[in-house]
Structures are given as C-alpha cells and as structure tokens.
Amino acid sequence: MTAAGAPDELTSVLRQIVGAEHLLTDPDLRAGYEVDWTRRFHGPCDAVVRPADTGEVAAVLGACTAAGAVVIPQGGNTGLVGGSVPGPAQGGRRVVVLSTRRLRAIGPIDDVVGQVTVGAGVTLAELEEAVAVTPWRVGVDLGARESATIGGMVATNAGGTRVVRHGMMRDNVGGVEAVLADGTVLSHLGGLLKDNTGYDIASLLCGSEGTLAVLTAVRMRLVPKDDERCVAWIGCGSWNDAVAVATSCRLRLRSLDGIEAVDAAAQRVVAEALQLSPPVEGTIGLLVALTVDGGPQLDTLAALAGERPVAVALDGPGASSLWERRDRVTEAIATTGVPHKLDVSVPLPAIPPFTAALPAVVTAAAPGAAVYVFGHLGDGNLHVNVVGPAPEEDAVDDAILRLVAANGGSISAEHGIGRAKQRWLHLSRSPEELRTFRAIKAALDPAGTLNPGAGPVLP
Ligand code: FAD
Ligand code: LAC
Ligand code: ZN
C-alpha cells in the first residue's frame, strides 16, 4: 500500500485479516473517515480497516506495527478535537484508520448489579435501547448519542449532561478489554465493585484518546433508571446570577442530574437555525434537570428561581422540548460555519470574570468573529465556540486558552486534546507530568503506532 493506494504487502495482509469488503482503499469510501465532525480537522489515510472482533483488531495492530504504519482508532467520529482522523502529514508513514464500528456485540444485562459488557463500537443510543427494558440506564448522556460509540466515550472520558450526578465515563466503567499496538490483548471485564489487584488499566485508558491501546469491549456500570424527571429553564440576568443559582441548586436539590447553561448568542443561533425559540427571557438560559421524588423538590426549585422567569416541564414532550434547546446547540452553531470549539473548565467563582473578559479577548484575536458560550455549568465546564477565523488560524484559540489558564482552569474539560490542543497542553500540565505521559506511551506503544500527533503525548 502506498499513498497513491497501490497494493503492497501490508494491504494484502490486512485484506486477509478483515476480508476485502472491510478494507477500504477507494478515496470515495475513505473520505468520510478522513474528516472530523467539525470539518476543521482532516488528513489522508492509505486505508480504512473494519475488523469484526478482538482477534482481528489484534492481528491488524500487529501487522501495522510490524510494517511501521500509523493506526488511528476511530469510533463514531463525533470527537470535537480532531483526534479521530489522521493529521495532514503523519511523518511520511503509511496511515491506517481502524474503525471499531463492527464491534457491536451487547452481552447479557446483569440485572442484579446493573452491568453489561458491550463491544467498543456500540453507540450510546444502541446501548440505551438495549437497557431500556431493565430497571437500569446509562449514567452518561450527550447530544451525539446516535453516533458516539462506547469505546470512543471511554477513550475521551466523555462527560455530558449528567456528570453532576453520575460522574464522567471513568466513573461508569467497570473494566475493559483492549489491544496494545503489538497485538497483545488485555482483558479485565469482571466488573467487580471492589478489586484492588494492581494498576487500574481501565482508568488509564479513560481519556487516552487512542494513543495507548484500542478498546474492544467495555464493562459498563449502569445506574438506576429515573422515576419522573423534571426539567426547568430559568432566565438568569448574568453569569454571576447563573453561578449563584447553580450553587443553590447543588446545595438544595436532591437527585439533581445536571445544570446546563446557554448564553444569549447561543440561544439566538438555536432559534434561527432550528426554529426553537428560547423558552424564557434572560441573558443566560439555565437548564436544571432533576429526578422528582415528590412535591417538595418542585417547591424548592420554584423558591430557587424566585422572581426570575422560569419554564418547568415534567417528563414528556415538554421536557424533551426544553432539553432540545440545550442538546442541539452544537448542531445549530455548526450550521453557521466551521467552529473553533474550545471546551474548557474554570473554578465556579472564576466563571463571571472569565466570561466578562472573553468578548474583548476574542475581538482582539479575531475581529468580527461570533462567539457562543454554553455548557455544563454545574461542572464549571464551558464550551466557548468561535465562528469566523479560518480553520487553520489559531490566534483566537491561543488567546482564549491563555485566559483559561490565567483563571486557574483546564484547557480541556471533557473533549480531550486531540490534534487541536497539543500546543497548549503545557498550560494545564507540568513538564514532569508530560514526561510521565511519554514514559507510559513508550512502555505500551514503543513503536509509536497509535495516533501519533494526537492526544496527551506530545511529538
Ligand atoms: P471518535 O470521535 O471516533 O474518537 C474520539 C477519540 O477516541 C479519538 O482520539 C480516537 O482515536 C479515540 N477512539 C475512538 N474509539 C476508540 C477505541 N475503541 N479505542 C481507542 N481509542 C478510540 N463530548 C462530551 O464529553 N460531552 C458532551 O456533552 C458532548 N456532546 C457532543 C455533542 C455533539 C453534537 C457532538 C458532535 C459531540 C459531542 N461530544 C461530547 C464529543 C464526542 O461525542 C465525544 O468525545 C465522544 O466520546 C466521541 O465518541 P466517538 O465514538 O465518536 O469517538
Ligand atoms: C455539548 C458538547 C459540545 O456539551 O460537549 O453540547
Ligand atoms: Zn459538553
């Protein structure tokens, strides 16, 4: 196989492993795997392989490492930092995208402990559907549920809209099966609640972004299914006000799932692009979701909202409609151009000064750009999206991430580093930590097969 697609020994080995139908070399068939969801990141590959099971993944990785090729693991390709697609140049090495979408087995659901083992290529929506008949549900939820895979969600340690209650992906994983770059299979899927028998490989792979191993199966810990759910949208006068309400909610509302925020610009773009008007007046739309365990919770919610405009809906179409106005913000922004997506976190008290400084910082770096702020306020996690600068320009990224660091924040709250943020990783991690990352990488993938140039290991 060459960059031009001519067959060579690696191609024939890979074809023997996965079968001709699942080795894609035709440019038209490869195209969708070569560009990310945002359209900001793209790069060519020589082939896409779609292994059917763990054995085939191991054989593919062994062959690619032996041939000195690069392997980019890819699940649903909904990642927002360019880590799921090749870089523009991968050091002149041959590039193989390994798609996990055929790893779709869903094992028996353990109703007693609330666990299930699933193939890494199962989507979040498919898993939710499979557990819908049980008293359990998946603890993590996010807008890309129809395409995002469980393997990709572990690899990015995805967060989403229920972190306040159920934590991030790491908190919902009971074990993993994964394949190292040399083809070694590691499997620890027992799901024991207590198991202090050494290093926690599942936890290490959470957030590893395809740089240490390819996840092939995940033991998911499920959470009890909610009773009736209530969603409230509160119009807040400012970020200061929104943070104050969010803190009161966390202190006083039991069974709180999440507290999300959508600024006025993001509400406007949702209204325009999706024909979904903001449900109440207010600078910041604050969306509070909780499980209702009786009247007192709703009374407390009403008291917390006080004089602010509020819309409340119990489970059903009303709740879905309120939720849609948050769930689809990313989709709405993408209709206006190629976004620079800056997923960051800052300490809650820093949100008002950070958001106050933001407009001037953006204007200085990217005059005329549109800026939208929304995200998981309960986690101190804001998504700052900027539309206007060309995809390859990163002055505005630089300015915003430096502002984040100056406010004691993290340059990536939940999306990871990918190809988008390697340049700024030093703002959040010390040289000692970065050296340790490199040592872990060298131990598990000494040939540098897996996703070089992306994730937390700097080139
Ligand atoms: P991909 O995009 O295919 O890959 C992401 C990374 O994981 C890459 O580095 C890739 O190499 C690696 N990878 C994928 N599969 C494997 C595997 N089996 N083994 C090893 N490495 C692998 N993210 C959040 O955290 N919270 C949100 O609320 C959220 N909302 C979103 C809403 C929308 C509309 C969209 C488009 C995205 C959203 N995301 C969110 C981002 C994205 O959905 C998550 O990062 C998700 O976890 C990616 O899953 P994926 O299967 O698409 O992974
Ligand atoms: C969200 C994605 C962008 O929260 O993480 O909508
Ligand atoms: Zn998010």
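Annotation: for a label point projected 7 angstrom from Cα along Cα→Cβ of Asp299, residues of region 230-261 with backbone N closer than 20 Å are 230-232, 248-256. On full extension, the segment bounded by Val133 and Ala357 gains 75.8 nm, given 0.36 nm per residue less the C-alpha separation. Charges on Cβ only, +1 for Lys and Arg, -1 for Asp and Glu, centred on the Cα centroid of the chain; of Val133, Thr363, Gly160, which one is farthest towards the dipole's positive end? Checked the options; the winner is Thr363. Using the Karplus relation 6.51 cos²θ - 1.76 cosθ + 1.60 with θ = phi - 60°, the per-residue 3J(HN,Hα) values for region 414-421 come to 8, 8, x, 9, x, 9, 6, 10 Hz, with x marking Gly and Pro.
Taken one residue at a time, the phi angles of region 195-205 give Karplus couplings (6.51, -1.76, 1.60, θ = phi - 60°) of 6, 9, 10, x, 4, 8, 5, 4, 5, 4, 7 Hz. Gly and Pro are set to x. Summarising the amide proton neighbourhood of Val95: residues at separation of 5 or more, or on other chains, whose placed amide H is nearer than 5 Å comprise Asp46, Ala47, Val70. Using the structure shown, select from Lys225/Lys341; Lys194/Lys441; Lys421/Lys441 the pairs with a Cα to Cα distance greater than 30 angstrom. Lys225/Lys341, as the Cα separations exceed 30 Å there. A Cβ-based charge dipole, computed about the Cα centre of the chain with Lys and Arg at +1 and Asp and Glu at -1, lands at about 620 debye.
The distance between label points at Ala395 and Glu331 comes to 3.5 nm (points 7 Å beyond Cα on the Cα→Cβ vector). Projecting the Cα atoms of Ala311, Ala58, Val18 onto the dipole axis of the chain, where Lys and Arg carry +1 and Asp and Glu carry -1 at the beta carbon, places Ala58 farthest toward the positive end.
Counting only Cβ charges, +1 for Lys and Arg and -1 for Asp and Glu, the dipole size of region 303-391 around its Cα centre is about 180 debye.
Projecting the Cα atoms of Pro353, Gly337, Gln422 onto the charge dipole of region 332-459, computed from C-beta unit charges around the Cα centre, puts Gln422 farthest toward the positive end.
Going by the alpha-carbon gyration tensor, a ≥ b ≥ c the square roots of its eigenvalues, is region 328-383 rounded (a/c under 1.5) or, if a/c is not under 1.5, prolate (a/b greater than b/c) versus oblate? It comes out oblate by the Cα gyration axes. Rounded, prolate or oblate: which one fits region 10-124, using the alpha carbon gyration tensor with axes a ≥ b ≥ c (rounded when a/c is under 1.5, else prolate when a/b beats b/c, else oblate)? Taking the square roots of the gyration eigenvalues as a ≥ b ≥ c, region 10-124 is oblate. Note on the chain: helix-only mean residue ellipticity at 222 nm, from DSSP H runs of 4+ residues weighted -39500 (n - 2.57) and normalised by residue number, equals -9000 deg cm²/dmol.
Using alpha-carbon pairs under 8 Å, 6+ residues apart, how would you state the relative contact order of the chain in percent?
Once divided by the residue count of the chain, the mean separation gives 16 percent.
Using the average count of surrounding beta-carbon atoms within 10 Å as a protection proxy, the listed peptides 333-343, 258-268 rank, highest first, as 258-268, 333-343.
Laboratory data are not the source of any read-out in this text; all were calculated from the coordinates shown. These numbers were taken from a predicted model, which means no experiment stands behind them. Cβ atoms come from the backbone with ideal geometry, glycine included; neighbour counts cover every protein chain shown.
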